[in-house]
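Just so it is clear, none of the values below were taken in a lab; they were calculated from the coordinates. Note that this is a predicted model, so its numbers are computed, not measured. Positions of Cβ are backbone-derived with ideal geometry, glycine not excepted, and every protein chain shown enters the neighbour counts.
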Amino acid sequence: MQSFFELRLKLKPGEKMINKIGKQGKQELSITKKGREFHLYVDNELADTFKSEKEARKAQKEMGKLIGIK
């Protein structure tokens, strides 16, 4: 049986991974796309939703600077 942590790491149906920065087990920022929306996840928890990939990547970089990820 899978643990709760392992279940959280999987993408939801219909989502596609666009970009990920950070290391597994430490702070991690990832962008996924579902339909026309882009979702920013911080440690696999939804932080925000954007209309364009450009906006999502900009927010990812800013968030990375705040929490100490390149």
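Key figures for this structure:
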| item | result |
| --- | --- |
| Residue check, Gly14 out of contact with any helix residue (DSSP H, G or I) (no Cβ under 6 Å at 6 or more places or on another chain), exposed (fewer than 14 other Cβ atoms within 10 Å of the Cβ) and at positive phi | yes |
| Scope the stretch 24-42; condition of a type outside the set (Phe, Trp, Tyr) and either surrounded by 14 or more Cβ atoms within 10 Å (Cβ to Cβ) or in contact with a strand residue (DSSP E or B) (Cβ under 6 Å, 6 or more places away or on another chain) (or both); matching residues | Gln27, Glu28, Leu29, Ser30, Ile31, Thr32, Lys33, Lys34, Glu37, His39, Leu40, Val42 |
